[in-house]
Each structure stands twice: as C-alpha cells, then as structure tokens.
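One structure is given here, and the rest of the page talks about it.
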Amino acid sequence: NLTVREAVQGMVEGYAEVLGEDGTLSIRTLRIVEHYLDRALEILDVLRELEHSPTLGRTVKVHRDLIDEGGGEITPEFGCSLLLASLTDSGEGPGAPMLDHLLSSLPDDAARTRVRDKLAGLRKQCLEAEPRGRLHRLAMNLRLRDPEDGDEQQQNASRVAFWADGQDVHAAAITSTVTVTERAMGARLPLVDSAVERLIDPPEAQLPNLAATLSRMLVHADIRSVLSRSDSLVVEVDRGLSRVPWEMLPSSESAYEYQPLGVARPVARQLRTTYSPRLQDPEARQQPRVLVIGDPGDPHAGHDLPDARDEAVEVYEMAKASGLEAVLLVGAPEDGTGAGPLPGVAPAAYFDVVQHLLAGEFDVVHYCGHADFDPAAPGRAGWVFKGGLLTARELEGMERPPTLVVANACLTGQLWKGEGTASGSPLAGQGERRRAPAGTRPHGEVGILPTLADEFFKRGVRDYIGTAWGIPSAPAREFARTLYTCLLDGKVLGEAVRQARQSLFQARSQLGESASTWAAYQHYGDPTRRLEWVRAPVSGNGRATKKSG
C-alpha cells in the first residue's frame, strides 16, 4: 500500500537504523530487483536522493545505472514515453524534421511554441547523461501511466481486516502511511450478531443510532481513524463477519450528520479463504463483451418480474451506445415456440445462458431477476430460470470467467447463516424456503455459508456486485443506471458503486420503507480496478456515435 518512494525510503532507513544500533553489523551490497523498467528508474531516483541524505547517518553509494539481468518488462504506457523521449532527443539532430512535422499538427502557433520550448528544456536537463541514460531520463520526465496506476497515493486502497476468534473480534489495518497491528475486542461477537440482526433492512429513523452502536461494539478505537479516510477501502473479513453491514458503519464520529461508509468512500469486501484465486488471463480481449440477462423466471410459477426487463434493456442500450459488444437475453422462452416476450430479442433460456458462460464469451455479466436458495442445501443458491436454478456449480470448467458480475437480485451478494454459526444462535425461519413479497426481488438470511459471491470467485471472477436483501425494482434500476454511467465514463469500480449507492441514499426520503436499499449493495473485489472499456467516438451533441462495421 506504499508508494515507490515510501517503500524504498522506509527500507533504506530501516537498514540504516539497524546498522546504527550494532557496530558489528555491516552491509556491503543491497540489490533491489524490479520487473518494470519505469518503476526501476523511479527506485533509482529515490536511492540517488538518499545518497545525499544527512538523516541516514550512513554512507550510501548508488550504482549509477540499472543492471539489466534480462526478464524485465516495459509497459505499453512507458513504451509510449520512450518513443516521446526518442523524438525529444532528436529535436536538434537528424530526427528534427519528424518532430517538426508532428508539432505542425497542433492547433496554433502558441501551442507549438510552448511544446517545443518544454521539450527543449527537458533535453537540456538530460544532456549530461550517456545516450541510454539520457533516453531513460527523458522518458521519466514524459512518463505516461496506466489509468489504474494514477496517483499511487490515491489509488492504493486502505485495508482493514476483521476476524473472529471464539467470542472475540480481532482487527488490523494498513494505509499508505500507517499500519495498525492486531487489536482485539473481547467477547463482542454475541453483541455484534444482535446488532447485525437489527440492521437488516432497518427503519430509516433507527439506522444512524444502530450503525453507530455497531461501530462502537466492533471497531477498536485505533482502527476508527482508518475508516474516516477518503481513499478506497477494502474490508477483509472471515465468513462469520461477512454478514456485518460494513457499508452502513458511520464514516466519522460526527453527532450531527450520519454519513455511512459505503456512501462516503469506495468500499469493497474480500473474503479470507483457504483457496488461492484463479490466475487471470494475461491478455485482455480486444473488444469487451457484455451479457445482459433480464427476467428469466417462469411466469406460470409467478417468477416473472417485468420491471427487470426494462432494466435489462436499459443496461444493454447503454453498453451499445458506448460502442461495446453486447448480447441481450430477456424473459423465459415460451412453451412450444421458444420465443421471448420482447419482439426481436432472444429469451433468457437456461441452457443458452449456461452455454454462453461456459464458453467464456463475456467480460461483464449483468443479471436482473429473482434469486433463490434452499437453507437445507445452501450450495443450491442461484439465479432463477424457467429451466432451473443457475448456481456457480453449473459454471465449473468455465473457459474464461467474466471480469465483473453484477447480480441485481437479493441473495447473490450475501452469505447466509446455517448450523453452527459463530455465535451459536440460529436465525428464525431458518428451515423454511423464503420468497420475497410481490414487487420486490427476493430476500434471504445473512450468515457464514458460501453463496454465489464466493463461488464465482473460485471460478475466476474478479469483481462481484450483489445485494443483501430484497430490493424494489425502481431503486434497483436506478442503481444499475448510475453504476454503468460511471463505469462507462472510466471510473474505477469502487467509485462507481459508491456513486450508485449515493444516488439511492440521497433519494431515501422518497423510498419509504425501502429507504435503506442503498446499503443492500455489496461489492466483493478490488475498489481500485478500472474496466478496460472500448468507447465509441462521441459526436458534437454529446451522444455516442455507432461504430461502423
């Protein structure tokens, strides 16, 4: 979670401190190995500054240049920087006409002059270096970054970890500047479980006090300052504490205004698991593909959800308008004909969806409809189709998992409670099969047994967005609209989810009994990840234009 500068400076200062404590110790050579050329050059710059630091109390001599042992990598972004550096370096030599030609494409003389002067200044700063070193110096001055890198200080998420040991709750935290080692809240788990029960879709008026109470029961005072930061936050939890509505905790101790964590900053969850995540494919697809599945339940069984059709169509149209390849599947196939409810749109047939997913054809999967589970067989939790219940088990052997799954149905973001819970207190109604009231997307218990979120991660999905309780269709559609608007605009996942939650939080006075819908949405994964969308050109009126071909 440290920047390159913080990491290198801290490491060297640590060595210097230890050597200063024991005069019998000495270190002749410290070799640092870095895979990426631009980061290696950045490390070298920091070391050169430390070479002259009076605070170390030790003599540091830095090798003047990198030693290339082979096996390193140049990122595409730094490759572009090296090309710019090469052009800059040739500005007064044989390559000058090419630079002049490129500068001529700038819109006016003033711009051309400013750029030429800037490049000349950079060239002058680096003249003393030998040719290879000069090119590196110029490239670092002209350094382009992957959008996911951005400002390292801002892009690196803070992390807090919570886990239960008997009745005690333990926690630790790390930010870009601070590490909080393990802290314990003794015998708190029964109280935490009781507070969590009250925070499942709570009345709006009770939410601030309940959330503040849970925070005082659960979060050690030394950890609270980490929650009050503004950067992205990853909450790592074991299965017992995954049922805690972390997004509802207050982001500050202000008694005047309740600003929940999930609205104040990007928040994502990660589960402490015993398995390793599947390795990702090394190359991104040239053109990201989106699969949108809407209302696939059997209308004769009362599983249809017409509002989900509208959401599916809207998400599909947003993807298409941004130049993405998208496939829309809506409604259950009609008996006999196999047709769907919307003219010209293929139905969301159970077999076809499983076939699409197993083939690894899509990078993003959006599902809106019913979800269901059987407490007697918790592994059978999934999405309701006319042809069956699609669980993660049906996806065993996926050729290539999607990067992102958005499941706008209630059970799919949660873990529910079964026998032998951490607190030992079973939930009421545990043995019965639950369905949501009409007009909402169904609703279930929360707890420690794996759900689709965890099962999808086992199969290689990187980010999963779901809901923790029954949600009305109107706010579900608003969440989806805001989420994809932000994602298609290039925002990182955590910020897109935060803004989508915020849109519902700000509208809570209009949602009546569903005012807490914003808190039902949970993101498992990395809040700093940015999807590699391919955008269509935008016309002068601000609307995306359709790509030819």
Problem set entry | Cβ-Cβ under 7 Å pairs, at least 6 apart or on other chains, the stretch 27-44 side over 12 Å from ILE74 (Cβ atoms), far side assigned to a helix (DSSP H, G or I) and open to solvent by 80 Å² or more (accessible area, probe 1.4 Å) | ILE27/TYR15; LEU30/TYR15
Exercise. Got at least one residue in the stretch 349-366 being at pLDDT 90 or above, more than 22 Å from GLY460 (Cα to Cα) and in contact with a strand residue (DSSP E or B) (Cβ under 9 Å, 6 or more places away or on another chain)?
Worked result: yes
Exercise. Could we say that ALA500 is aliphatic (A, V, I, L, M) and at pLDDT below 95 here?
Worked result: no
Exercise. Can LEU37 be described as modelled with pLDDT of 85 or more and in contact with a strand residue (DSSP E or B) (Cβ under 8 Å, 6 or more places away or on another chain)?
Worked result: yes
For this session: Filter the stretch 186-208 down to residues that are more than 24 Å from ALA164 (Cα to Cα) and assigned to a helix (DSSP H, G or I), then give me how many there are.
Result: 5
Exercise. Residues in the stretch 218-228 that are assigned to a helix (DSSP H, G or I) and surrounded by 16 or more Cβ atoms within 10 Å (Cβ to Cβ): how many?
Worked result: 5
Seminar exercise, completed: Apart from one, (1) over 25 Å from TYR484 (Cα atoms); (2) at pLDDT 95 or above all hold for ALA301; the odd one out is (2)
Problem set entry | Selected residue [among the small types (Gly, Ala, Ser) and touching a helix residue (DSSP H, G or I) at 6+ places or on another chain (Cβ under 8 Å)] from SER242, SER254, SER230 | SER230
Seminar exercise, completed: The condition from (1) part of a helix (DSSP H, G or I); (2) at pLDDT 90 or above; (3) surrounded by fewer than 14 Cβ atoms within 10 Å (Cβ to Cβ) that GLU182 misses is numbered (1)
For this session: Just give me the residues in the stretch 18-44 being over 40 Å from the mean Cα position of the chain (by Cα), part of a loop (DSSP other than H, G, I, E, B) and charged (D, E, K, R), in sequence order.
Result: ASP22, ARG28
Problem set entry | Residue list for the stretch 84-107, restricted to those being in contact with a helix residue (DSSP H, G or I) (Cβ under 8 Å, 6 or more places away or on another chain), open to solvent by 60 Å² or more (accessible area, probe 1.4 Å) and part of a loop (DSSP other than H, G, I, E, B) | GLU92, SER104
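I'd like to verify a number: residues in the stretch 467-488 that are at pLDDT below 90 and not β-branched (Val, Ile, Thr), how many?
Here the count works out to 6.
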Seminar exercise, completed: SER81 passes all but one of the listed conditions (1) of a type in the set (S, T, N, Q); (2) open to solvent by less than 30 Å² (accessible area, probe 1.4 Å); (3) free of Cβ contacts under 8 Å to residues at least 24 places away in the same chain; the exception is number (3)
Exercise. If only one of LEU47, LEU66 is part of a helix (DSSP H, G or I), of a type outside the set (Phe, Trp, Tyr) and within 18 Å of ARG137 (Cα to Cα), which one is it?
Worked result: LEU47
Problem set entry | Residue that is modelled with the lowest pLDDT [pool: residues in the stretch 259-282 that are open to solvent by 60 Å² or more (accessible area, probe 1.4 Å) and charged (D, E, K, R)] | ASP281
Exercise. Just a yes or no: is a residue in the stretch 12-30 open to solvent by 60 Å² or more (accessible area, probe 1.4 Å) and under 30 Å from LEU233 (Cα atoms)?
Worked result: yes
Seminar exercise, completed: Scanning the stretch 475-487 for residues that are out of contact with any Leu (no Cβ under 8 Å at 6 or more places or on another chain) and surrounded by fewer than 24 Cβ atoms within 10 Å (Cβ to Cβ) gives ARG477, ALA480, ARG481, THR482, TYR484, THR485, CYS486
Problem set entry | Selection within the stretch 447-474 - of a type in the set (A, V, I, L, M, F, W, C), surrounded by fewer than 24 Cβ atoms within 10 Å (Cβ to Cβ) and in a helix (DSSP H, G or I) | ALA474
Seminar exercise, completed: Log entry, pairs with first residue in the stretch 489-507 being open to solvent by 10 Å² or more (accessible area, probe 1.4 Å), second being assigned to a loop (DSSP other than H, G, I, E, B), beta carbons closer than 6 Å, six or more apart or on different chains, reads VAL492/THR528; VAL492/ARG530; GLU495/PRO266; ARG498/PRO266
Seminar exercise, completed: Flagged in the stretch 185-209 as within 19 Å of ARG224 (Cβ to Cβ) and open to solvent by 60 Å² or more (accessible area, probe 1.4 Å), in numbering order, are ARG188, LEU191, ASN209
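The values are calculated or read from the model by the stated rules, or taken from the named source; none is laboratory data. This structure is a prediction, so every number in the text was calculated from the model and none was measured. Backbone-built Cβ (ideal geometry, glycine too); neighbour counts: all protein chains shown. Quick note on the areas: whole protein, heavy atoms, side chains included, nothing else; ligands and nucleic acids left out. Shrake-Rupley method; radii C 1.70, N 1.55, O 1.52, S 1.80 Å.
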